[in-house]
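Working notes, structure below.
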Amino acid sequence: MTPSLSHTTPVLVTGASGYIASWLVRYLLEDGYTVHATVRDPNRQESIKHLLNIAEGLPGTLKLFAADLLKQGSFDQAMQGCEIVMHTASPFLLEGFSDAQQALVRPAVEGTRHVLEAANRTQSVRRVVLTSSVAAIYGDNIDARDLPDNRLDERHWNTSSSVHHNPYQYSKVAAEQEAWRLQKLQDRWDLVTVNPGMVFGPALTTLSQSASIDTLISMGDGRLRTGVPDLSYGIVDVRDVARAHMLAAFTPQASGRYLLVAGETSMLDMAKVLRSHFGNRYPFPRMVVPKPLVWLFGPLMGPVTRTFISANVGHPIRFDHRRSLELGIRYHDIHQTLQEHFQQIIDDGLLKQK
Ligand code: NAP
């Protein structure tokens with residue numbers, strides 16, 4: 001089904017104050033849309049003031065609504081009159097919780113179900129754009145070991161994660177699968193997913209708990225001064241991810257999944273890019289820690305397990321982003337993305353030396 005979209009109805013963005021969604025709200029307002037933006041607590045001034053600032057002076061209109069992923073019916077009011085629903089809200093945490101089911105999987109899966117059940121009740125909805133992830137495509141780098149050139153694309157699904165192993169990745173694949181299941185039970189709205197790699201690039205908010213921001217902070221705050229594991233992933237600029245949501249929403253023939261990765265990098269390469277630009281002012285890591293040492297000491301130093309280390313460290317990974325190019329995505333250079341993001345982390349005072 002190719003929906004005919006009027007572009008004059010409001011657009012719903014869930015989790016609107018987040019790292020990715022704030023850019024999305026900005027682009028929608030720049031293009032003159034009315035944005036129905038859900039946040040958990042619209043009275044929490046510090047989490048919404050950047051959105052109010054962005055809205056000032058832009059042609060679109062921002063309307064804030066309270067909604068919680070865990071509350072059934074929570075999104076009904078905000079969805080009224082919307083043809084497009086952009087569902088970005090989902091916890092992106094890699095540490096700081098004891099119960100992964102409650103902290104990650106439940107909000108991701110139940111939240112997706114609650115948003116899509118609201119879409120079923122809201123006659124105006126024609127398309128849902130879901131912020132999924134490459135985490136719904138693979139769980140561990142070793143999953144790509146037997147693929148030609150170790151290269152993943154939209155045909156692949158993460159089958160290796162569980163609530164006990166890589167619970168964030170599991171929350172994303174379980175949520176996306178639930179979304180496709182619910183989409184197939186009806187024919188009024190279609191579903192398009194964007195599946196970004198690790199997202200970097202300047203943030204419009206200083207409050208996001210997004211784990212990708214913390215990853216970049218860890219490069220410069222001393223936590224990794226002794227070295228980094230030989231760990232590679234695909235990365236993409238936050239502005240390209242927001243643009244991809246727009247293209248996924250407003251391109252009538254957009255369909256299925258879109259893997260968004262501008263390029264692959266290793267942790268050491270990231271450090272080299274940052275050192276080449278910022279010099280030795282920050283304790284960027286200089287060496288790769290041998291895998292046996294990571295295996296021995298990694299679990300003592302951070303939220304990684306030996307199973308994760310075995311299945312990821314030293315395993316290359318690549319991505320095929322051709323389908324996203326056909327949608328019209330043009331990617332930022334990943335070095336520029338990292339430099340701009342790190343500069344902003346400095347400017348925002350987020351870098352506390354450890
Ligand atoms: P973020 O800044 O932490 O945003 C996550 C948002 O989810 C927050 O705005 C938060 O809303 C909302 N949220 C969390 N729990 C909620 C709940 N129970 N009820 C309502 N809202 C809730 O992280 P982000 O990086 O922008 O992530 C946005 C989306 O992109 C997520 O789906 C994430 O999985 C996906 N993604 C991120 C990356 C990445 O590298 N950053 C890569 C691929 C995919 P409040 O602020 O109102 O609490």
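The values are calculated or read from the model by the stated rules, or taken from the named source; none is laboratory data. None of the values given here were measured: they were computed from a predicted structure. All Cβ positions, even for glycine, are placed from backbone atoms using ideal geometry, and neighbour counts span all protein chains on display.
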Pair list, Cβ under 6 Å, 6 or more apart: the range 239-258 residue among the β-branched types (Val, Ile, Thr), other residue in a helix (DSSP H, G or I): Val241/Ile20
Cβ pairs under 6 Å, 6+ apart, first in the range 134-153 and closer than 14 Å to Lys172 by Cβ, second of a type in the set (D, E, K, R) and at pLDDT 95 or above: Ala135/Lys172; Ala136/Lys172; Ala136/Glu176
Residue in the range 216-250 that is modelled with the highest pLDDT, counting only those that are more than 14 Å from the ligand (Cβ to nearest atom) and of a type in the set (Val, Ile, Thr): Val228
Residues of the range 186-215 classified as part of a strand (DSSP E or B) and either touching a Lys or Arg at 6+ places or on another chain (Cβ under 6 Å) or near the ligand (Cβ under 7 Å from one of its atoms) (or both), total: 6
The listed residue being away from the ligand (no atom under 13 Å from the Cβ), out of contact with any His (no Cβ under 8 Å at 6 or more places or on another chain), touching a residue at least 24 places away in the same chain (Cβ under 8 Å) and in a loop (DSSP other than H, G, I, E, B), out of Leu58, Leu29: Leu58
Filtered residue count, the range 267-307, keeping only those that are touching a strand residue (DSSP E or B) at 6+ places or on another chain (Cβ under 6 Å) and surrounded by fewer than 17 Cβ atoms within 10 Å (Cβ to Cβ): 0
Residues within the range 329-353 that are touching a strand residue (DSSP E or B) at 6+ places or on another chain (Cβ under 8 Å) and either closer than 14 Å to Ser218 by Cα or modelled with pLDDT under 95 (or both), tallied: 2
